[in-house]
Amino acid sequence: MIEDLILKLKKEIINELNLENITPEDMDAEAPLFRKGLGLDSIDALELVVLLEENYGIKINASKEGPKIFYSIKTIAEYILNHQKKINQCSERSS
Amino acid sequence: MVDVFVGASNTITSIGFSTAGHVKQIKANKIGISIYPGGNLYPTPVPLSLVDHRQLLDLFQKYLCKTKTDLQLGLFTRLEMLHILSISDVLKSSGINIKDPRTLIILSTTKGNIDLLEKDSYPAIEPDRIYLWKLGEFLKSFFNNSNKPLVVSNACISGMLAILIGFRLIKAGMYDHVIATGGDIMTEFVVSGFQSFQSLSPKPCKPFDAARDGLSLGEGCGTIVLSRNHSLCGIPEKIIVVGGSCTNDAHHISGPSRTGEGLYVAIRGALKEASLDPLDIDYISAHGTATDYNDEMEAKALSWAGLERVPANSFKGYFGHTLGAAGIIESALAIDSMKNNELFRSAGFENPGISKHINILTDHIAKEVNRCLKTASGFGGCNAAIVFKKI
Amino acid sequence: MEIYENFNILPSRMELLITRYIQLQDHRVLLNGIVEYVSEVGSVGKFNRSVYRHYNIDYPKFFKMDNLSKLGFLSAEILLQGTDILKKYLGEEIAIILENASSSLESDEKHQESIRDRNKYFPSPSVFVYTLPNIMASEIAIRHKVKGENTVFIFEQFEPEFIDHYVSDLFRNQRVNCCLSGWIECYGDHYQSFLFIIEQEDKIKRFKGLQECVILNTLNVEKLFKGKSI
């Protein structure tokens, strides 16, 4: 399941961040996104915040939570899955 | 050798419709930034500094009646009302004839009439007034000035550039007088944009403070007279522009350089042109937006330039960051400080939160101010510094 | 009594020259008036991409820029390629003084559209950052480490007289030693860039194979802009 999400995220990131000449196959899910690897910058981090909100309904603070969540594509995927798990647990409790 | 005097000014923000009005409110520690509850400008609550709309309409209507124009309120955008009131106030106080062919209008704005992009915002106004040059032409025609106005749009240093370019053009003999007018209005366009950068504080901003967590947006308009002829300036004090400089960090389109080098070079350039040493400066009117990066960078630049002991403040704690108007509004207030030899506390500042010590004012004080440095930085990595001197 | 300084006359060793210029318009790239590249007819986006590829430029950030900044970036990139400008002058000595008409209107409309519907409210920082016309100058500055004076003026049409006077004044007062100046305009289907390098006569040497340099004055700038011979 996480593999599917990782592939989906790769495509979304390529699209949203205008990464030219990069395919999902080129992207290492565990490589750092910032400083090394894709070398994304602060605006890219804010775009990832928008991506998370628009596509997954999750709101985060870029400067406080961003560095940890956006470390790699895998950490983003794990965060999304954990968040969705918590929501499911909450709705199960309330039903 | 031509001296370029600064003269009468007008400032309009949430705390007043005149420079004197601003000073009165600042002395009373009035903060014009309050929580906007959510509505047209943004869906959720956010601190904003807004010009009193009813008072604006009232003053403008009275102005139209007094000047006996046939024009009605609906033919002016909000920004145009602000500029017209601001320019007319300055013309009242100074002896400058705006119809004189030796008078130039320089307009500074980041977004101009951007509210024209909103559906049905101004049914009676041509949509092409969204072009900044058209806004300039509109103001020039309104006041019957004969020169093509200069329009400067350079992010948050626009206002300072209007003053600096006015200074240069008068010194070069191209004009004798410049009306430098800067303005920007609050719109959903701007609020949403800054929110997407997560750069707005959830509380009124705290420039240079350890607890600072973002800027507060403000709307406003400022106008100031520049002239080679002191007797037309409208103020008894002889205050001149003596130097200025503009640089680019060449680092990143939205984040300032971490070292402060670009602003440092601008400060150094301004001081060099003014033939002054850092120790000659009596007061600094800083940019101080209350973002983490700007204030840190600015403190580094000021310290690097040897200005760490000079009393400094940011006005943005009183009325927010007024973008294209900021450089002119804040310069006008800095010059007022020079006129009256009084400095104001930097609103919102309690404990220093920058890595380099600078002397941020914590109280209003009386001090002889003969030489003042004004600084600003903006999106795109641009920086500006101007030195004003009393002679 | 005429007391105005005569700003039009500079000492001859201080003659200001346009040493190279570029135009991107009508799906063409012209360097010093000569057509270097013709792309397929199409949108400005298509044109920008094809120019980028044709000149083998390698700068991934290009793809994040809006069309206005892409146009400015490409103009500066090709103009400076093969010159020694960035070796001859420090970054602080080079100014960027530009004019345009539409400011950043295309990006403005894109941003406004993103906030039109409160039910689909996702304003994008990478769009918003381009809603300032000076960003096109900054992209050039960042790429080439140009750190001097930088200002964008908004005029209805290209104003060569203003560039002539204002830039001459910058040189005369030793605020710059080299200037990139011109007109970068882009909105909808209309795009036009005209960018030129200004240097002082005593600081340049002739390039091989290029046209002779042209004296900076209003008439010459206007002629180059309109594609007329000097």
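Some points to look at:
- Test: residue in segment B:88-96 that is more than 14 Å from chain C (Cβ to nearest Cβ), farther than 25 Å from B:Leu226 by Cα and part of a helix (DSSP H, G or I): no
- The listed residue being facing chain B (nearest Cβ under 7 Å) and more than 24 Å from A:Ile13 (Cα to Cα), out of C:Ala101, C:Ala76: C:Ala101
- Checked against (1) over 21 Å from the mean Cα position of the chain (by Cα); (2) small (Gly, Ala, Ser); (3) facing another protein chain (nearest Cβ under 7 Å), C:Ser114 passes all but a single condition, namely (3).
- Answer residue from segment C:41-63, given it is modelled with pLDDT under 95 and either away from every other protein chain (no Cβ under 14 Å) or touching a strand residue (DSSP E or B) at 6+ places or on another chain (Cβ under 7 Å) (or both) and is surrounded by the most Cβ atoms within 10 Å (Cβ to Cβ) among those: C:Gly42
- Tabulated pairs, segment B:291-315, first in the same structural domain as B:Asp277 (by TED's automatic domain parsing) and farther than 21 Å from B:Ile335 by Cβ, second at pLDDT below 95 and part of a helix (DSSP H, G or I), C-beta under 8 angstrom, 6+ apart or interchain: B:Asp292/A:Ser63
- Output for segment B:98-114, where each listed residue is facing another protein chain (nearest Cβ under 10 Å) and either part of a loop (DSSP other than H, G, I, E, B) or closer than 12 Å to B:Phe76 by Cα (or both): B:Arg102, B:Thr109, B:Thr110, B:Lys111, B:Gly112
- Output for segment B:215-257, where each listed residue is away from chain C (no Cβ under 14 Å), within 20 Å of B:Lys316 (Cβ to Cβ) and not hydrophobic (A, V, I, L, M, F, W, C): B:Ser216, B:Gly218, B:Glu219, B:Gly220, B:Gly222, B:Thr223
The rows are residues; the columns are (1) over 21 Å from B:Glu118 (Cα atoms); (2) in contact with a helix residue (DSSP H, G or I) (Cβ under 8 Å, 6 or more places away or on another chain); (3) among the aromatic types (Phe, Trp, Tyr); (4) loosely packed, with under 15 Cβ neighbours inside 10 Å.
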site: B:Ile15; (1), (2), (3), (4): yes, yes, no, no
site: B:Lys30; (1), (2), (3), (4): yes, yes, no, no
site: B:Tyr42; (1), (2), (3), (4): no, yes, yes, no
site: B:Pro47; (1), (2), (3), (4): yes, no, no, no
site: B:Leu57; (1), (2), (3), (4): no, yes, no, yes
site: B:Arg78; (1), (2), (3), (4): no, yes, no, no
site: B:Ile84; (1), (2), (3), (4): yes, yes, no, no
site: B:Leu91; (1), (2), (3), (4): yes, no, no, no
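- Scanning segment C:149-165 for residues that are farther than 30 Å from B:Val191 by Cβ, over 13 Å from the mean Cα position of the chain (by Cα) and surrounded by fewer than 24 Cβ atoms within 10 Å (Cβ to Cβ) yields C:Gln157, C:Glu159, C:Glu161, C:Phe162, C:Asp164, C:His165.
- Of residues in segment C:156-187 being of a type in the set (D, E, K, R) and touching a Ser or Thr at 6+ places or on another chain (Cβ under 7 Å), the one farthest from C:Thr19 (Cα to Cα): C:Glu185
- Those helices (runs of 4 or more DSSP H) lying entirely in segment A:15-95 with at least 1 residues farther than 30 Å from C:Asn56 by Cβ and away from chain C (no Cβ under 14 Å): A:62-69, A:73-94
- Test: residue in segment B:163-176 that is farther than 28 Å from B:Cys246 by Cα, part of a loop (DSSP other than H, G, I, E, B), in the same structural domain as B:Ile105 (by TED's automatic domain parsing) and modelled with pLDDT of 95 or more: no
- The residues on offer are B:Ile165, B:Ile185, and the sole one that is facing chain C (nearest Cβ under 9 Å), under 18 Å from the mean Cα position of the chain (by Cα) and either under 29 Å from B:Val225 (Cβ atoms) or surrounded by fewer than 22 Cβ atoms within 10 Å (Cβ to Cβ) (or both) is B:Ile165.
- Residue selected from segment B:259-303 under the condition in a loop (DSSP other than H, G, I, E, B) and touching an Asp or Glu at 6+ places or on another chain (Cβ under 8 Å), by the criterion surrounded by the fewest Cβ atoms within 10 Å (Cβ to Cβ): B:Asp282
- In segment B:149-161, the residues that are more than 7 Å from chain C (Cβ to nearest Cβ) form Cβ pairs under 7 Å with partners that are among the charged types (D, E, K, R) and in a helix (DSSP H, G or I), at six or more places apart or across chains, as follows: B:Pro149/B:Glu137; B:Pro149/B:Lys140.
- Considering residues of segment B:115-132 that are assigned to a helix (DSSP H, G or I) and touching a residue at least 40 places away in the same chain (Cβ under 8 Å) only, the residue nearest to the other protein chains (Cβ to nearest Cβ): B:Leu117
- Only one entry in C:Val129, C:Val146 is without any contact (Cβ under 8 Å) to a residue 12 or more places away in the chain, facing chain B (nearest Cβ under 9 Å) and surrounded by 24 or more Cβ atoms within 10 Å (Cβ to Cβ), namely C:Val129.
- All positions within segment B:339-382 that are outside any strand (DSSP E or B), touching a Pro at 6+ places or on another chain (Cβ under 7 Å) and under 19 Å from B:Tyr318 (Cα atoms): B:Ser346, B:Gly348, B:Phe349, B:Asn359, B:Leu361
- Evaluation of B:Asn40 against (1) over 29 Å from C:Asn119 (Cα atoms); (2) of a type in the set (S, T, N, Q); (3) modelled with pLDDT of 95 or more (one fails), failing number: (1)
- Here C:Arg175 clears all of (1) touching a Lys or Arg at 6+ places or on another chain (Cβ under 9 Å); (2) at pLDDT 95 or above; (3) more than 7 Å from every other protein chain (Cβ to nearest Cβ) except the condition numbered (2).
- Residue tally, condition surrounded by fewer than 20 Cβ atoms within 10 Å (Cβ to Cβ) and in a helix (DSSP H, G or I), over segment C:86-111: 8
- Restricting B:Val151, B:Val191 to residues that are under 22 Å from C:Gln157 (Cα atoms), among the β-branched types (Val, Ile, Thr) and within 22 Å of the chain's Cα centre (by Cα) narrows the list to B:Val151.
- Scoring C:Gln211 on the criteria (1) at pLDDT below 95; (2) at the interface with chain B (Cβ under 9 Å from one of its Cβ atoms); (3) surrounded by fewer than 19 Cβ atoms within 10 Å (Cβ to Cβ) leaves a single failure, condition (2).
- Members of segment C:48-85 that are acidic (Asp, Glu) and either in a helix (DSSP H, G or I) or within 22 Å of B:Val152 (Cβ to Cβ) (or both): C:Asp66, C:Glu77
The values are calculated or read from the model by the stated rules, or taken from the named source; none is laboratory data. Every value quoted in this text rests on a predicted model; they were computed, and no experiment measured them. As a convention, Cβ positions derive from the backbone with ideal geometry for all residues, glycine included, and neighbour counts pool all protein chains shown.
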